[in-house]
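> Quick one: this structure, given as structure tokens, is what I'll be asking you about.
The values are calculated or read from the model by the stated rules, or taken from the named source; none is laboratory data. These numbers were taken from a predicted model, which means no experiment stands behind them. Here the Cβ positions follow ideal geometry from the backbone for every residue, glycine too, while neighbour counts run over all protein chains shown. Remember, those area values only see protein heavy atoms, side chains included, never the ligands or the DNA or RNA. Shrake-Rupley method; radii C 1.70, N 1.55, O 1.52, S 1.80 Å.
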Amino acid sequence: IVKNGGEIINAVSSQKWSGEAVVFVSIVNWIKGKLNTKKFLYTENHNLLEIYELSFIGSSLSPNIDLTQAKILFINNQIKKVFQGQTHGYEGFLISNIKTNEIILKNPEYIKFLFPYLNGDELVGSYRSQPKRHSIDFSFLNDINEVAYYKDLYNILKERVFPSIEEKAIAEKRGIIKKNGREQHLNYWWKFWRRREDMLKSISNISRFIACSRVSARPFFEFISSNIHPNDALMVFAFEDDYSFGIIESNFHIRWYQEKCSTLKGDARYTTTSIWDTFPWPQNPTIKQIEKVAAAAKALRDARNEAIEKYKMTLRDIYRKLELPGKNPIKDLHKNLDNAVMETYGFDKDKDILQQLLDLNFDVAGREEKGEKVQPPGLPDWIENKKQFVTDDCVRFLTD
């Protein structure tokens, strides 16, 4: 367009198609000749337009720094820490909290296979982020005889899950539905469709983990007790320390997410490969900087929890209030956290955050190629007592 004497006047990265097809499209509007900014300064509804003069428009159709150039950092995935939650696949795996209590009262030993099951809407939209159901999770039992020993749970799954899995396995075998591993699933029908055993093992070694809704324009993060199992509508970050929480909750990670995320039906979605695997962490943090970030992260969560209790709000309520003008102590605490993280990165507050992150991404990738040591996500290895940065606040399942 530009090479042929045109001017782009508007670009949208994702918009619902107005026709019959249920798709989302990227749209570019252009004119022939030079753009008259005075003519296009206002929309038909008299809303002021933002005018950008750019030498290059990236594939993200954003006026911000083009982060499509960012490189995969192998150190970010050397020890896997970020996962999608579990996909149960069949409603029969889920039972009410009341039914769960009845089962445990009758068979206390069953508690090791019954877990509060948290989804994305409950995390952000439920008071105290409380799960409404439990899951029957036999992820690590491979012998049907061992499963059948827990008779009451086995019978629930045999009645409510097995028929559906068998039906889909037969349909797949006959070519009625597309092959997708349904026949193989029949061999372990008492297990979830996507169990995420690596995720379960990772969070079992820590007291709490960080989670956010997988689809969100502006994700917000919370610590979750490892006794709660996350649904696939959640992203799981297997860190239990306040410093890691501070980096992940900071505007640096949020801005990177918003520029790098994919879209699901027009909604921003967290994808590990494009976001986490390219996001560079501070490379030379001092102990004082780490302590400052950890303290700021804890202060932020304490204020959020206080507001939740005092005003009976949800996390969604809190962050909708942050979008409005007016004095808000939680907004100030977010700024304090961002300032602490800025100092830890060693960035210049007067320069573009995304450009500085991209430059750091290139630097870390270059050092990796040379075989040099780089700082992975999380607390640095040289910190001997990592537990000093682990506090105890998190979402816990509250029994009646």
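> So, of the residues in the range 92-115 that are out of contact with any Lys or Arg (no Cβ under 8 Å at 6 or more places or on another chain) and not in a helix (DSSP H, G or I), which turns out to be farthest from R160 (Cα to Cα)?
So, considering only residues that are out of contact with any Lys or Arg (no Cβ under 8 Å at 6 or more places or on another chain) and not in a helix (DSSP H, G or I), the one farthest from R160 (Cα to Cα) is N107.
> Out of the residues in the range 188-208 that are surrounded by fewer than 22 Cβ atoms within 10 Å (Cβ to Cβ) and in a loop (DSSP other than H, G, I, E, B), which is farthest from the chain's Cα centre (by Cα)?
Top of the filtered list is W189.
> Show the residue pairs meeting these rules: Cβ distance below 8 Å; 6+ apart or different chains; first residue within the range 329-352 and at positive phi; second residue polar (S, T, N, Q) and loosely packed, with under 15 Cβ neighbours inside 10 Å.
Listed by first residue and then by second, the contacts come to G346/N284.
> Is the range 166-178 home to any residue that is in contact (Cβ under 8 Å) with a residue 40 or more places away in the chain, in contact with a Phe, Trp or Tyr (Cβ under 9 Å, 6 or more places away or on another chain) and either of a type in the set (D, E, K, R) or open to solvent by less than 40 Å² (accessible area, probe 1.4 Å) (or both)?
no
> Please name all residue pairs, on different chains or six or more residues apart, with Cβ atoms under 9 Å, provided the first residue is in the range 281-295 and is within 8 Å of Y243 (Cα to Cα) and the second residue is part of a loop (DSSP other than H, G, I, E, B) and among the polar types (S, T, N, Q).
V293/S250; A294/T391
> For residues that are more than 21 Å from the chain's Cα centre (by Cα) and either surrounded by fewer than 23 Cβ atoms within 10 Å (Cβ to Cβ) or on the phi > 0 side of the Ramachandran plot (or both), tally how many sit in the range 274-289.
The number of residues fulfilling the criteria is 6.
> Still on this structure, I have one more. Can you name the condition, by its number, that S250 falls short on among (1) under 23 Å from Q130 (Cβ atoms); (2) out of contact with any Pro (no Cβ under 8 Å at 6 or more places or on another chain)?
It fails just one condition, (1).
> Right, something else. Filter the range 228-273 down to residues that are hydrophobic (A, V, I, L, M, F, W, C) and over 25 Å from I65 (Cβ atoms) and give me whichever is most open to solvent (accessible area, probe 1.4 Å).
Going through the qualifying residues, I end up with A233.
> Here are some conditions: (1) at pLDDT below 95; (2) open to solvent by less than 10 Å² (accessible area, probe 1.4 Å). A297 meets all but one. Which one does it not meet?
(1)
> To continue, here is another question. Any idea which of K39, K81, K34, K71 is more than 28 Å from G366 (Cβ to Cβ) and modelled with pLDDT of 60 or more?
K34
> A further question on this structure: Just one of (1) more than 10 Å from the chain's Cα centre (by Cα); (2) assigned to a strand (DSSP E or B) trips up A211, so point out which.
Only one criterion in (1) more than 10 Å from the chain's Cα centre (by Cα); (2) assigned to a strand (DSSP E or B) is unmet by A211, namely (1).
> Give the range 142-157 a look and list any residue that's open to solvent by 70 Å² or more (accessible area, probe 1.4 Å) and under 33 Å from the mean Cα position of the chain (by Cα), or say none.
N142
> Also, I was wondering about something else. Take D348 and decide whether it is within 28 Å of L118 (Cα to Cα), out of contact with any Asp or Glu (no Cβ under 7 Å at 6 or more places or on another chain) and not in a helix (DSSP H, G or I).
no
> Yes or no: the range 117-132 includes at least one residue that is part of a loop (DSSP other than H, G, I, E, B), in contact with a helix residue (DSSP H, G or I) (Cβ under 7 Å, 6 or more places away or on another chain), closer than 21 Å to I95 by Cα and open to solvent by 70 Å² or more (accessible area, probe 1.4 Å).
yes
> Further question: Which of the residues spanning the range 327-372 are over 22 Å from Q289 (Cβ atoms), of a type in the set (D, E) and open to solvent by less than 80 Å² (accessible area, probe 1.4 Å)?
If the condition is that a residue be over 22 Å from Q289 (Cβ atoms), of a type in the set (D, E) and open to solvent by less than 80 Å² (accessible area, probe 1.4 Å), then E368 is the only one that fits.
> Which fully enclosed helices (runs of 4 or more DSSP H) of the range 142-187 have 1 or more residues being of a type in the set (A, V, I, L, M)?
Those helices (runs of 4 or more DSSP H) span 144-148, 151-160, 162-173.
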